[in-house]
Amino acid sequence: LLGQEDKLPNDVRWVRESSEYANLCRQTFRMAQDTVRDQIKNSSAQKIAVVMDLDETVLDNSLYQVERHRLGLGFTQDSWSAWVKREEADLVPGAKSFIDFLRKQPVRLIFLSNRMNENLAPTKSNLRKLGVLRADDLFLLRVDKPDTKIKRRSEIIEGKGRMKKAGAYVVIAYFGDSSGDFPASSE
């Protein structure tokens, strides 16, 4: 048993131990299915996409937080890259059923994440192990600090940069766990 000084922070304990967190995640993904279905029905675009963040949206990295806490350490890019390369992230509750739903829809799934692009191979491998990767999924991971999500969202919409080969997409839904995962109203 952990001593009081070793007790996990409330936010990490809530993600790892509470039924409320799991139920809220599942509920959110179930409700999102109806929204996506409506967006597809109302879209006249030929090429539509759903853009999803990875970390804490699809992939549950709370074990990384537990391990860092027990070591008395915080986040570092090196420790994060080492974690990603271990390919041990689990799925956020409800993510697999939502992605399975998307696979039956006429949409392209694009993963837009601030994971470093050098970690693309272990990221794909982790998703494959969890049964949610498909060969035609698109990934826009971060190349460097100036490679912001704003820039990458623009590439999706305009079909430029890394999206030149795939072309432009109309995004009908964004999924993420922080405000930076969504376009600002001024974008």
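The values are calculated or read from the model by the stated rules, or taken from the named source; none is laboratory data. Values in this document were obtained by computation on a predicted structure and should not be read as measured data. Positions of Cβ are backbone-derived with ideal geometry, glycine not excepted, and every protein chain shown enters the neighbour counts. Note: accessible area is taken over every heavy atom of the protein model, side chains too, but ligands, DNA and RNA are not part of it. Shrake-Rupley method; radii C 1.70, N 1.55, O 1.52, S 1.80 Å.
So the values come out like this:
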quantity: Accessible surface, per residue, of the chain when the full set of protein chains is kept, probe 1.4 Å, Å²; calculated: 56 Å²
quantity: Between helix 77-86 and the chain: long-axis angle, C-alpha atoms, 0 to 90°, nearest 10; calculated: 80 degrees
quantity: Relative contact order (%) - criterion: Cα under 8 Å, at least six apart; region: the chain; calculated: 27 percent
quantity: Point-to-point label distance, Ser43-Ser97, nm (Cα→Cβ direction, 7 Å offset); calculated: 2.3 nm
quantity: Rg to Rh, two decimals, where the chain supplies the alpha carbon set and Rh follows Kirkwood; calculated: 0.98
quantity: Percent carbon-and-sulfur accessible area, the chain, ignoring ligands, DNA and RNA, probe 1.4 Å; calculated: 51 percent
quantity: Most positive-pole-ward Cα, Ser113, Ser79, Asn61, against dipole of region 52-122 from beta carbon charges; calculated: Ser113
quantity: Helix-only CD estimate at 222 nm, as mean residue ellipticity for the chain, using -39500 (n - 2.57) per DSSP H run (n ≥ 4); calculated: -13000 deg cm²/dmol
quantity: DSSP-defined antiparallel bridges as percent of all bridges, region 41-187, nearest 5; calculated: 10 percent
quantity: Within the chain: Cβ-based charge dipole about Cα centre, in debye rounded to nearest 20 (Lys, Arg +1; Asp, Glu -1); calculated: 840 debye
quantity: Highest to lowest packing among 69-78, 27-36, 91-100, 155-164, scored as the average C-beta count within 10 Å; calculated: 91-100, 155-164, 27-36, 69-78
quantity: Rough spin-label spacing in nm, given labels placed 7 Å along Cα→Cβ, for Val66 and Ala82; calculated: 1.8 nm
